[in-house]
Amino acid sequence: MSAALASDAEAMKLLADVTELVRATDPDSWWEGPTFRSPCQTKHCVLSHVADVLGMDAMDQFESTWSSSYVIGAGVNDKPTEKYPQSHPKDRVLAFLENLRTGAEEDVVTGMDRCFLDSEARKAGAA
């Protein structure tokens, strides 16, 4: 995580609030929620709980600051991976949120900056 983000009390509080919400969510209700349904309409992303409990503004802020729905939703919530092998999505998401908190995972801006710099380096190497 960037040093600026680590010192941003509002951003850190949002991460803590989302983590506490996930921790308090009953695993049996994980796939319930009003938004972010899978194409088969039976599965719901972690962000559905964030939007439902903390509000859409909080969810938007989380996505623009900490993790996009593509990463936390499709990459972590939806299926086990080598990095997050836990069988239940709640456990995978909690592990991911902890990694965001410690800086082991990149926040949105850090990840975008890295992708841009990697792309520029590849272009320079190809020239």
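Here are the numbers for the structure shown:
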{"quantity": "Evaluated over segment 3-126, the Cα radius of gyration and Dmax, each in Å", "calculated": "15.3, 51"}
{"quantity": "For the chain: relative contact order, % (alpha-carbon pairs under 8 angstrom, 6 or more apart)", "calculated": "26"}
{"quantity": "Exposed GluC sites (Glu not before Pro) absent - longest run of the chain, DSSP non-H/G/I/E/B, at most 14 other C-beta within 10 Å", "calculated": "33-81"}
{"quantity": "Calculated [θ] (222 nm, deg cm²/dmol) that DSSP helices of n ≥ 4 give over the chain, each run adding -39,500 (n - 2.57)", "calculated": "-17500 deg cm²/dmol"}
{"quantity": "Fully extended contour minus Cα-Cα distance, from R101 to D17, at 0.36 nm per residue", "calculated": "29.0 nm"}
{"quantity": "Cα-based helix-to-principal-axis angle, 9-24 vs the chain, degrees rounded to 10", "calculated": "40"}
{"quantity": "Near-label residues of segment 68-107 by backbone N, under 14 Å of a point 7 Å along Cα→Cβ of E10", "calculated": "none"}
{"quantity": "Distant-in-sequence amide H partners of E105 (H built 1.01 Å from N, under 5 Å)", "calculated": "L100"}
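Every number in this text was worked out from the coordinates using simple rules, so none of it is lab data. What you see is a predicted model, and the numbers here were worked out from it, not measured in a lab. When we count neighbours, we look across all protein chains shown, and the Cβ atoms used for this are built from the backbone with ideal geometry, even at glycine.
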